[in-house]
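**Q** If you scroll down you'll find the structure; I have some questions about it.
Laboratory data are not the source of any read-out in this text; all were calculated from the coordinates shown. Remember, it's a predicted structure, so these values are computed and weren't measured experimentally. Ideal geometry is used to build each Cβ from the backbone, glycine not excepted, and the neighbour counts take in all protein chains shown.
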Amino acid sequence: MSVPASAARPGSTSGSASAPTSGPTSGPSAGAPWWRSAVTYQIYIRSFADADGDGLGDVAGIRSRLPHLDELGVDAIWINPWYPSPQADGGYDVADYRDIDATFGTREEAEALIADAHARGIRVLLDIVPNHTSDEHPWFVEALAAGPGSPERERYIFRSGAGPDGARPPNDWTSAFGGPAWRRVTEPDGAPGEWYLHLFDAKQPDLNWDNPVVQAEFESILRFWFDRGVDGFRIDVAHGLIKDPALPDLGQDGRHPMETVGGQGHPHWDRPGVHEIYRAWRKVADSYDPPRVFVAEAWVTSAERLAAYVRPDELHTAFDFDFVRAAWNAPALRATVTSSLAAHDSVGAPVMWVLSNHDIARHVTRLGRPSATRSDDPLHGHDAEDADPVLGRRRARAALLLELALPGGVYLYQGEELGLEEVEDLADEFRQDPVFLRTGGDHRGRDGCRVPLPWTSSGPSLGFGTAPGWLPQPAGWGGPLGLSVQVEAGDPSSMLAFYTRALRLRHELSDRGVLGAGDASSLTWSVADGPLADAVVAFTRPGGFACVVNTGGEPVRLADAVPAGFEAARVLLASDELAGDQLPSDTAVWLSV
Ligand code: GLC
């Protein structure tokens with residue numbers, strides 16, 4: 001397959017494969033590579049579009065819906081794992097890294113999708129899962145058969161158990177999905193034997209990254225897909241690959257499942273050794289023309305620790321989860337933006353702003369909870385609180401204008417452009433997330449953000465496919481709420497129309513060097529102290545642009561909230577209707593002078 005055009009996405013809505021090789025020619029983004037400012041759309045393939053009617057999304061479904069993404073105006077897509085997999089963790093249990101799961105399609109279809117996307121100027125990122133394989137991966141099958149002490153076992157983390165008969169796990173580590181992180185195997189002779197480490201599900205044995213065989217295999221997998229035109233990879237659990245070889249006890253602490261964060265000295269999260277791996281990967285990416293890119297999923301304890309992943313000789317970008325975790329109040333938002341920009345600036349990397357993904361409750365729901373304005377664990381701490389989706393959608397619109405106006409790139413999660421909420425009332429029988437299964441239902445898990453997309457207002461799965469989807473959609477989406485691509489595309493006041501307008505305008509402003517790539521020096525705060533500082537986030541960017549967000553509970557006079565010099569500015573876009581000279585609560589505006 002041919003190497004794609006080295007293209008920043010064209011500002012037009014369709015059709016062109018030949019786009020400029022880099023960003024704008026003037027302003028802070030001048031000449032910047034595409035990934036420094038791109039808006040990337042995450043496709044959770046199981047739930048995006050089902051072309052063959054088996055209830056699961058597929059490659060053909062993505063291909064058929066590329067016009068939607070083109071119309072929306074995204075620069076790139078990131079596709080969650082589509083490899084052959086027993087699907088014990090939504091495909092993050094990979095049995096073959098070089099093929100496509102038969103339920104999703106074929107490699108030929110995948111290559112055709114990459115070509116189709118490129119023809120529209122849309123880049124394609126895949127998801128690589130290097131921390132663990134499936135237990136059905138040939139390597140693990142071989143490791144079980146080969147027995148203790150074999151080179152096959154050395155690709156994973158096998159240990160003898162504790163206690164006189166080895167019947168206790170080697171240490172006290174727990175799985176991020178709940179329960180112990182070790183499982184005992186039966187040896188080829190039928191005797192109870194060694195234990196293997198699985199930081200996630202028992203069907204996801206952790207690889208041994210101290211083994212050069214593992215390192216070489218993943219570099220080869222990267223090349224395999226880069227050779228097929230893939231523009232880059234999102235790296236799953238990028239902070240988890242290296243373990244303290246002494247495997248010390250942790251003294252377990254009753255974390256919430258999916259709290260995959262550990263600070264300095266943690267024996268398996270964010271260990272310094274991971275950086276060597278990414279230096280080697282960067283060399284692989286840089287050996288291509290155009291160079292391929294990476295984005296890390298690294299849950300770490302500070303912006304500085306995240307910045308270590310995006311040093312010039314390591315990964316290009318990493319999701320900014322501090323932004324996800326920030327409370328909806330002006331001081332918290334200013335603080336997280338400031339610290340993320342400063343940390344990234346120190347290594348010359350752009351920030352990747354994100355509000356939702358397939359692992360966390362959708363932000364319409366998070367922002368609609370009473371606790372959204374408080375800075376205590378907004379991600380997981382308040383799952384039980386009732387959310388107000390009307391409030392959540394209002395804040396989600398404002399949050400979009402905020403993140404699109406910040407220097408750097410943005411990741412969108414499928415369905416947020418429709419204003420979908422977390423589906424909190426799924427019946428247990430439908431739930432597939434190992435978090436739900438391994439905690440005995442104590443934690444609902446992540447299925448509620450993975451419900452198939454509604455494309456139309458009727459049909460067995462609202463246009464997702466010709467049959468019911470693998471998870472049921474709420475009745476309201478097709479009914480009174482009118483949440484579907486079909487309905488929203490025809491309604492200028494819909495979330496979809498708003499996202500489309502905002503992305504289009506961001507493109508125009510990026511082409512003029514106003515928005516998009518940039519560092520902290522391309523953003524100037526105003527009203528950061530003074531009477532409105534607790535309610536209002538306001539900043540300017542060079543080129544006569546300002547973004548003003550009222551996160552407070554009361555309207556503010558726009559003239560009081562705008563940066564100096566913007567009193568007579570033109571409103572480019574507002575997240576909700578302005579009320580005379582007032583900026584209503586939970587509303588954002590873009591202004592231009
Ligand atoms: C990442 C993925 C998540 C998966 C886990 C284990 O956090 O985003 O969906 O369950 O890694 O691979």
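**Q** Given a Förster distance of 30 angstrom, what is the FRET efficiency for Thr301 paired with Glu385, based on the Cβ-Cβ distance and rounded to 0.05?
**A** The value I calculate is 0.75.
**Q** Let me ask something else about it. Starting from the Cα-Cα distance between Ala489 and Ser160, subtract it from 0.36 nm times their residue separation and give me the gain in nm to one decimal.
**A** This chain segment gains 112.6 nm when fully extended.
**Q** Let me ask something additional. Which Cα, out of Gly448, Gly392, Leu406, lies furthest along the positive dipole direction of region 369-468 (beta carbon charges, K/R +1, D/E -1)?
**A** Leu406
**Q** By how many nm would the segment from Glu71 to Asp581 grow when fully extended, if each residue of separation counts as 0.36 nm and the alpha-carbon distance is taken off?
**A** Values: separation 510, 0.36 × 510 = 183.60 nm, distance 3.29 nm.
Stretched fully, the Glu71-Asp581 segment lengthens by 180.3 nm.
**Q** How long, wide and thick is region 459-593, going by the Cα atoms along their three principal axes, in whole angstroms, largest first?
**A** The Cα atoms of region 459-593 stretch 56, 35, 24 Å along their principal axes.
**Q** Using only alpha carbons, build the gyration tensor for region 105-241 and give me the equivalent ellipsoid semi-axes, biggest first, whole Å.
**A** 35, 15, 12
**Q** Along the principal axes of its C-alpha atoms, what lengths does region 416-511 span, in descending order and rounded to whole Å?
**A** 50, 31, 21
**Q** What number do you get for region 46-159 when its Cα radius of gyration is normalised by 2.2 N^0.38 Å, N = residues?
**A** This ratio for region 46-159 stands at 1.27.
**Q** Roughly how big is region 244-390's charge dipole about its Cα centre, with Cβ charges of +1 (Lys, Arg) and -1 (Asp, Glu), in debye to the nearest 20?
**A** Dipole about the Cα centre, nearest 20: 320 debye.
**Q** Which FRET efficiency value, to the nearest 0.05, do you get for Glu108 and Arg168 by plugging their Cβ-Cβ distance into 1/(1 + (r/R0)^6) with R0 = 51 Å? Intermediate results must be reported in sequence, preceding the final value.
**A** On the way: r = 49 Å, r/R0 = 0.96.
The calculated FRET efficiency here is 0.55.
**Q** Once the Cα atoms of helix 389-405 and of the chain are each reduced to a long axis, what angle between those two axes, in degrees from 0 to 90 to the nearest 10, is obtained?
**A** 80
**Q** Which order, highest average first, do 491-499, 507-515, 128-136 follow once you tally other Cβ atoms within 10 Å for each residue and take the mean per peptide?
**A** Details: 491-499: 17.4, 507-515: 21.7, 128-136: 24.7.
So the peptides 491-499, 507-515, 128-136, ranked by packing, come out 128-136, 507-515, 491-499.
**Q** Taking amide H atoms as placed 1.01 Å from N in the peptide plane, list the residues 5 or more away in sequence, or in a different chain, whose amide H sits under 5 Å from that of Tyr288.
**A** Answer set, sorted by chain and number: none.
**Q** Could you work out how far apart the two model spin labels at Asp210 and Glu554 are, taking each label as a point 7 Å from the Cα in the direction of the beta carbon, and quote it in nm?
**A** 6.1
**Q** Right, another one. Between Ala342 and Glu259, what is the spin-label point distance in nm, taking each point 7 Å from the Cα along the Cα→C-beta axis?
**A** Result for the modelled spin labels: 2.6 nm.
**Q** With the contact rule set at Cα under 8 Å and sequence spacing of 6 or more, what percent relative contact order holds for region 132-198?
**A** On the way: 98 pairs, mean separation 18.6, N = 67.
Result for region 132-198 is 28 percent.
**Q** OK, next. Assuming R0 = 56 Å, what is the FRET efficiency of Ala191 and Arg311, from their Cβ-Cβ distance, to the nearest 0.05?
**A** 0.75
**Q** Would you work out which of Ala88, Thr106, Ala117 lies farthest towards the positive end of the dipole of region 47-129? Charges go on Cβ: Lys and Arg +1, Asp and Glu -1.
**A** Highest projection toward the positive end goes to Ala117.
**Q** Sticking with this one: Take every Cα pair under 8 Å in region 37-141 that's 6+ residues apart, average their separations, divide by the length, and report that relative contact order as a whole percent.
**A** On the way: 182 pairs, mean separation 28.7, N = 105.
Here the relative contact order equals 27 percent.
**Q** Quick one: grab the alpha carbon gyration tensor of region 351-474, order the square roots of its eigenvalues as a ≥ b ≥ c, and give me rounded if a/c is under 1.5, else prolate or oblate depending on whether a/b is larger than b/c.
**A** It comes out oblate by the Cα gyration axes.
**Q** Using the Cα centre as the reference, give the magnitude of the dipole from point charges on the C-beta atoms of region 29-164 (Lys, Arg: +1; Asp, Glu: -1; all else neutral), rounded to the nearest 20 debye.
**A** 560
**Q** Same structure again: Using the charge dipole of the chain (Lys, Arg: +1 at Cβ; Asp, Glu: -1 at Cβ; taken about the Cα centre), state which of Gly178, Leu426, His507 has its Cα farthest towards the positive end.
**A** It is His507.
**Q** Over region 120-180, with a single point scatterer placed on each C-alpha, what log10 of the ratio I(q)/I(0) does the Debye formula yield at q = 0.19, 0.20 1/Å?
**A** -0.92, -0.98
**Q** If the viscosity is 0.692 mPa s and the temperature 37 °C, what Stokes-Einstein diffusion coefficient in µm²/s follows for the chain when Rh is the Kirkwood radius over Cα pairs?
**A** So the translational diffusion coefficient is about 133 µm²/s.
**Q** About the Cα centre, and with charges only on the beta carbon of Lys, Arg (+1) and Asp, Glu (-1), how big is the dipole of the chain? Nearest 20 debye, please.
**A** That gives a dipole near 1380 debye.
**Q** Just from the alpha-carbon atoms, what are the Rg and Dmax of region 194-285 in angstroms?
**A** Reported Rg and Dmax, both Å: 14.8, 46.
**Q** Starting from the eigenvalues of the Cα gyration tensor, five times each then square-rooted, give me the equivalent ellipsoid semi-axes of region 469-526, largest first, whole Å.
**A** Here the semi-axes work out to 35, 14, 11 Å.
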